[in-house]
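Nothing in this text is a laboratory measurement; each read-out follows from the coordinates by a stated rule. This one's a predicted model, so the numbers in the text were calculated from it and none came from an experiment. Quick reminder, even Gly has a Cβ in these numbers, built from the backbone with ideal geometry, and neighbours come from all protein chains shown.
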Amino acid sequence: MLSNFVMPALFLSLLAFFIWYIWEKKHRVSHPVKGGIDTSVTLPHKQEFELYHNALSLCSKKARICLDELGIPYKSHHIHLIETGYYQTLSRHFLNINPAGVLPALVHKGHPVYESHDIIDYAAKQSGQPALLVPEDQEQLALMQYWSDKASVFGEDTRPGMAQYAGNCISVLTLPLFASGMTATPFRYALMGLLFHRLKIRAVMFSLFKIIGLSGMVKIPLIMKELKTARHYMHIHLDELEKHLESTGPWLIGEQFTLADVSWMPMFERFREADWLEYFLKGRPALAAYWQRLKSRDSYQSAIIDCGHPTIDIATGWLKLKKLNHPKIKALLEEPRSVAL
Ligand SMILES: N[C@@H](CCC(=O)N[C@@H](CS)C(=O)NCC(=O)O)C(=O)O
């Protein structure tokens, strides 16, 4: 009698789920996008500049810092990532703004601008002639570009670029923070990523972190190997930065605060959030002093502190607590520097 009812109910539920999934999948159009402005697209907007961003996202921080440094007012659209709540980036509404499903996205007069390094270049150019945050001297411009690129995140799979870009290393170095932050996230939220995320590896990783947490993460050889590679190259990038800052300052190209400094501020903030500050600043006094100077900018207050989200502090707290209570985990994450990989 019961099975007479259960089987058809199960069948109908599965059918309903399947129809819903097919319908949603068809309407959540997602694909990679090119960096820079796309004038072929016009989006509804109320203000000249509108920024779609997230409190935790490193690339969003860069865009916010840049706009604040330039004094460009913008309409803020906070979009959740799974790290701060749920996959709002996979919603039909947001995929209409950025079909790549990633943050940040700037909308200028209705046209979207993608990729944070392109967004900051674009915003600076809007600030007039000569552009604020960009030096006029060609040699200084090249130096600014070099250091901006170094702190940028290139490619959807960030691992291949780690030797060249500190920004790509930071994505991997954030994994322990992500694993800690997933503790409080309901599993069904992670499931949405498995169903709809274009970059399946990202969704799989967050679902896995939800199940195994930080303690499980440190037991996965593949992840620990990537972490070792990221640490290795980050040391090399920071050695170069330390050496550079020993002979220049207060900012990366000298007296002028530029897009290079805009790009490095969120990197240091990520070191703080993911509990790498002590590890990476130890024995690097020029970097430590530079970080203090970055923190004293008004934009650090307005674009980072004032835009915080409780989930970030909670994830950082969990990570620190775990390391404190489990020295083995701390030792695995913070292995001393090795010369070779
Ligand atoms: N290269 C891009 C990276 C964009 C990116 O991956 N953003 C992350 C946050 S920092 C994101 O939106 N991730 C969402 C996801 O993968 O689900 C940029 O510089 O803007």
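Summary table
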| item | result |
| --- | --- |
| Set of lysines near K34 by C-alpha distance (under 28 Å), chain-local residues within fewer than 8 positions excluded | K25, K26, K46, K61, K62, K75, K109, K125, K150, K200 |
| Burial ordering of I97, I79, I314, fewest other beta-carbon atoms within 10 Å first | I314, I97, I79 |
| For the chain, diffusion coefficient by Stokes-Einstein and Kirkwood Rh (Cα), 4 °C, 1.567 mPa s, µm²/s | 61 µm²/s |
| Straight-distance crosslink candidates among aspartates and glutamates, where the alpha carbon sits under 12 Å from K322 and sequence neighbours closer than 8 are dropped | D275 |
| At least 24 Å along the helix axis (C-alpha) and Kyte average at least 0.5, DSSP helices within the chain | 2-27 |
| Fewest-first sequence of W20, W264 by Cβ atoms within 10 Å of each Cβ | W20, W264 |
| Within the chain, helix-based [θ] at 222 nm, where runs of 4 or more DSSP H residues each add -39,500 (n - 2.57), nearest 500 | -18000 deg cm²/dmol |
| Global size of region 138-333 as Cα Rg and Dmax, reported in angstrom | 17.4, 52 |
